[in-house]
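> Pasting in a structure now, in structure tokens, and then I'll have a few things to ask.
The values are calculated or read from the model by the stated rules, or taken from the named source; none is laboratory data. If you're wondering where the values come from, they're calculated on a predicted model, not measured in any experiment. Reconstructed Cβ throughout: ideal geometry from the backbone, glycine too, with neighbour counts over all protein chains shown.
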Amino acid sequence: MPRDPVAHSASSLLSVETALARILDGLAPRTARHVALAQANGRTLASDLVAQVSLPAHDLSAMDGYAVRAADCVPGTPLTRIGESAAGHPFEGDIGQGQTVRIFTGAVVPAGADAILLQEDADATAEIDGATVMPRETVASGTYIRPAGLDVTEGKVILKAGTWLSARAIALAVSAGHVSAEVWDQPRIGILSTGDELASPGTPLKPGQIYSSNAVYLASFVAQCGGIAVDLGTAADQPGAVLAHVRAASQPLQLIVTTGGASVGTHDHIAGDLSDSGAAMDFWKIAMRPGKPLIHGQIDGIPLLGLPGNPVSSAVCALIFLRPALARLAGYDYEPSMTNAVLTTDLPENDRRQDYLRSVLGHDEYGNAIVTPTARQDSSMIGVFAAANALVVRPPFDPSRAAGDVVQVIRLDPRL
Ligand code: AMP
Ligand code: MG
């Protein structure tokens, strides 16, 4: 097999979409359990949540004022104050003809009342029961009342299975009467580096060595996407090393991610180890840049994604392939959020590979998004990647673009 797929026939290059569809096929979350909602941020619902109470549970006042019968609320016709309804302290009785109850925001509207007269639209002789309240305005029935069930109806689904639990979703679930929810277990993702040149961070570099950075990047990435990263160490460039490291994993894994060794050079052993494990294996050359070689297969029934070794290729492939795979394993669907931005520089016609250009996204003086691809795009350049905050996406054969053209951009997560 030739090492450079671009020099090879067009049919040997797999599109990003096809590769992603094949990676996602068969991935699913495994086990669900109940967890306290206070601990559920970033987890995915495994079953629908149904409202246990309506919101609001009763008719509530939206303002400070007087609960009245709208028909009785006539300027110049006095009402008699018979009680008070404050938040948490409802008035127990009924409002009869000619009566009113002092009421405050969030308090239950007493039986018999059908409107709230604003306090500034009434003159009260005193702030005590028995006082006379003189309306200065009429009010229509329903004014300033939040009817029971306005927001949420008891018995209705409020959050569907597959919902990623944000702080907003958790606040809704708690408001609707829940303390816990059934969520999918976070997927455990094994991360294995490969390469004889890799030195552990913090150790002195021997000649020809580099610090291994992919594992720490991917561990942060996995955590950021709702998974649990399991460090599988660094495999030497020797047949059997990848298999041995995977089989030594201390806990069950739902996905193995490797970096490096993904080509078919003399020192690249992942492909060989996968076939030695008896598993079906795809060795893909993807029509994308960065990130040409990608391995997809399984070891002992555990799916494996073999990312390229170059740090930028590895990170971009993680964004394009690992991110949706993690979402599947965690139980939710993921769509990359693309945004439009105006190019500040010209770009030549693209070739057959989908390009992800390391770029800096900002704003012009009017607040419009503008984007500048960096001059150097080498996939080994972690310095350029760290300085970027976005990727300009260029489809295969995208025509040349001029400064001022609108292009599609993926924002890079600022926490990664
Ligand atoms: P490979 O696919 O194994 O030929 O690796 C491609 C390039 O990525 C080589 O220059 C490697 O030194 C580099 N590389 C591989 N693994 C890592 C890693 N864990 N951290 C940083 N660079 C790496
Ligand atoms: Mg290598």
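> In the stretch 368-380, what residues are surrounded by 14 or more Cβ atoms within 10 Å (Cβ to Cβ) and at pLDDT 95 or above?
Ala369, Ile370, Val371, Thr372, Pro373, Thr374, listed by residue number.
> Every residue in the stretch 244-268 that is more than 16 Å from ligand 2 (Cβ to nearest atom), more than 25 Å from the chain's Cα centre (by Cα) and buried (at least 16 other Cβ atoms within 10 Å of the Cβ), please.
Result: Val246, Ala249.
> Can you tell me which residue among Ala235, Ala176, Ala215 is more than 18 Å from Asp333 (Cα to Cα), of a type in the set (A, V, I, L, M) and more than 25 Å from the chain's Cα centre (by Cα)? Don't jump to the end; show me each part of the working.
Numbers: Ala176 fails: more than 25 Å from the chain's Cα centre (by Cα); Ala215 fails: more than 25 Å from the chain's Cα centre (by Cα).
So the residue among Ala235, Ala176, Ala215 that is more than 18 Å from Asp333 (Cα to Cα), of a type in the set (A, V, I, L, M) and more than 25 Å from the chain's Cα centre (by Cα) is Ala235.
> Among residues belonging to the stretch 174-216 that are among the β-branched types (Val, Ile, Thr) and under 16 Å from Gly261 (Cα atoms), point out the one that is surrounded by the fewest Cβ atoms within 10 Å (Cβ to Cβ). Before the answer, list the steps.
First pass over the stretch 174-216, keeping only residues among the β-branched types (Val, Ile, Thr): 174, 179, 183, 189, 191, 194, 203, 210, 216.
Next cut, under 16 Å from Gly261 (Cα atoms) only: 191, 194, 210.
Values: Ile191: 24, Thr194: 28, Ile210: 12.
If we take residues in the stretch 174-216 being among the β-branched types (Val, Ile, Thr) and under 16 Å from Gly261 (Cα atoms), then Ile210 is surrounded by the fewest Cβ atoms within 10 Å (Cβ to Cβ).
> I've got another one for you. Taking only the stretch 301-331 into account, find how many residues are away from ligand 1 (no atom under 13 Å from the Cβ), within 17 Å of Val230 (Cα to Cα) and touching a Ser or Thr at 6+ places or on another chain (Cβ under 8 Å).
3
> Taking interchain pairs and intrachain pairs at least six residues apart, which have beta carbon atoms under 7 angstrom, with the first residue in the stretch 54-76 and touching a residue at least 12 places away in the same chain (Cβ under 8 Å) and under 21 Å from Gly130 (Cβ atoms) and the second of a type in the set (S, T, N, Q) and buried (at least 19 other Cβ atoms within 10 Å of the Cβ)?
That search, which allows pairs on different chains as well, returns Tyr66/Thr100; Ala67/Ser61; Ala67/Ser85; Ala67/Thr100; Val68/Thr100.
> Next up: Which numbered condition trips up Gly88, out of (1) farther than 24 Å from Leu172 by Cα; (2) of a type outside the set (S, T, N, Q); (3) free of Cβ contacts under 8 Å to residues at least 60 places away in the same chain?
(1)
> Within the stretch 385-395, does at least one residue satisfy the condition of being out of contact with any Leu (no Cβ under 8 Å at 6 or more places or on another chain), in contact (Cβ under 8 Å) with a residue 60 or more places away in the chain and surrounded by fewer than 16 Cβ atoms within 10 Å (Cβ to Cβ)?
The answer is no; no qualifying residue exists.
> Identify the single condition in (1) of a type outside the set (A, V, I, L, M, F, W, C); (2) away from ligand 2 (no atom under 16 Å from the Cβ); (3) touching a strand residue (DSSP E or B) at 6+ places or on another chain (Cβ under 7 Å); (4) closer than 30 Å to Gln238 by Cα that Thr163 does not satisfy, given that it satisfies every other one.
With (1) of a type outside the set (A, V, I, L, M, F, W, C); (2) away from ligand 2 (no atom under 16 Å from the Cβ); (3) touching a strand residue (DSSP E or B) at 6+ places or on another chain (Cβ under 7 Å); (4) closer than 30 Å to Gln238 by Cα applied to Thr163, the lone miss is (4).
> Of these, Ala140, Ala161, Ala171, which one is surrounded by fewer than 13 Cβ atoms within 10 Å (Cβ to Cβ) and either touching a Gly at 6+ places or on another chain (Cβ under 9 Å) or part of a loop (DSSP other than H, G, I, E, B) (or both)? Walk me through it before giving the result.
Values: Ala161 fails: surrounded by fewer than 13 Cβ atoms within 10 Å (Cβ to Cβ); Ala171 fails: either touching a Gly at 6+ places or on another chain (Cβ under 9 Å) or part of a loop (DSSP other than H, G, I, E, B) (or both).
Matching residue, one of Ala140, Ala161, Ala171: Ala140.
> Right, next: Among the residues of the stretch 332-367, write down those that are charged (D, E, K, R) and touching a helix residue (DSSP H, G or I) at 6+ places or on another chain (Cβ under 9 Å). Please lay out each step first, then the result.
Within the stretch 332-367, the subset charged (D, E, K, R) is 333, 335, 346, 349, 351-353, 355, 358, 364-365.
Once the filter is applied, which keeps residues that are charged (D, E, K, R) and touching a helix residue (DSSP H, G or I) at 6+ places or on another chain (Cβ under 9 Å), the stretch 332-367 yields Asp333, Glu335, Asp351, Arg352, Arg353, Arg358.
> Same structure, new question: Of the residues Val316, Val230, which is of a type in the set (A, V, I, L, M), modelled with pLDDT of 95 or more and part of a strand (DSSP E or B)? Walk me through it before giving the result.
Working: Val316 fails: part of a strand (DSSP E or B).
Every option except Val230 fails the conditions.
> Could you please find all residues in the stretch 269-296 being within 16 Å of ligand 2 (Cβ to nearest atom), buried (at least 19 other Cβ atoms within 10 Å of the Cβ) and not in a strand (DSSP E or B)?
His269, Ile270, Ala271, Asp273, Leu274, Pro290, Gly291, Lys292
> Continuing with this model, one more query. Of the residues Ala279, Ala271, which is without any contact (Cβ under 8 Å) to a residue 40 or more places away in the chain and away from ligand 1 (no atom under 16 Å from the Cβ)? Lay out the reasoning, then the answer.
Details: Ala271 fails: away from ligand 1 (no atom under 16 Å from the Cβ).
Selected residue: Ala279, the only one of Ala279, Ala271 that is without any contact (Cβ under 8 Å) to a residue 40 or more places away in the chain and away from ligand 1 (no atom under 16 Å from the Cβ).
> Determine the pairs where a residue that is within 16 Å of ligand 2 (Cβ to nearest atom), located within the stretch 178-198, has a partner that is outside any loop (DSSP other than H, G, I, E, B) and among the acidic types (Asp, Glu) with Cβ atoms under 9 Å apart, the partner being 6 or more residues away or on another chain.
Cβ pairs passing all conditions: Ile191/Asp231; Leu192/Asp231.
Conditions (1) farther than 25 Å from Leu294 by Cβ; (2) part of a strand (DSSP E or B); (3) out of contact with any strand residue (DSSP E or B) (no Cβ under 6 Å at 6 or more places or on another chain), marked per residue:
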| position | (1), (2), (3) |
| --- | --- |
| Leu326 | no, no, yes |
| Glu335 | no, no, yes |
| Tyr356 | no, yes, no |
| Ala375 | yes, no, yes |
| Val392 | no, yes, no |
| Pro399 | yes, no, yes |
| Val407 | no, yes, no |
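> Count, please, the residues in the stretch 21-55 that happen to be surrounded by 18 or more Cβ atoms within 10 Å (Cβ to Cβ) and in a loop (DSSP other than H, G, I, E, B).
6
> Give the residues of the stretch 171-203 that are closer than 22 Å to Leu253 by Cα and away from ligand 1 (no atom under 14 Å from the Cβ), sorted by residue number.
If the condition is that a residue be closer than 22 Å to Leu253 by Cα and away from ligand 1 (no atom under 14 Å from the Cβ), then Glu182, Val183, Trp184, Asp185, Gln186, Pro187, Arg188, Ile189, Gly190 are the ones that fit.
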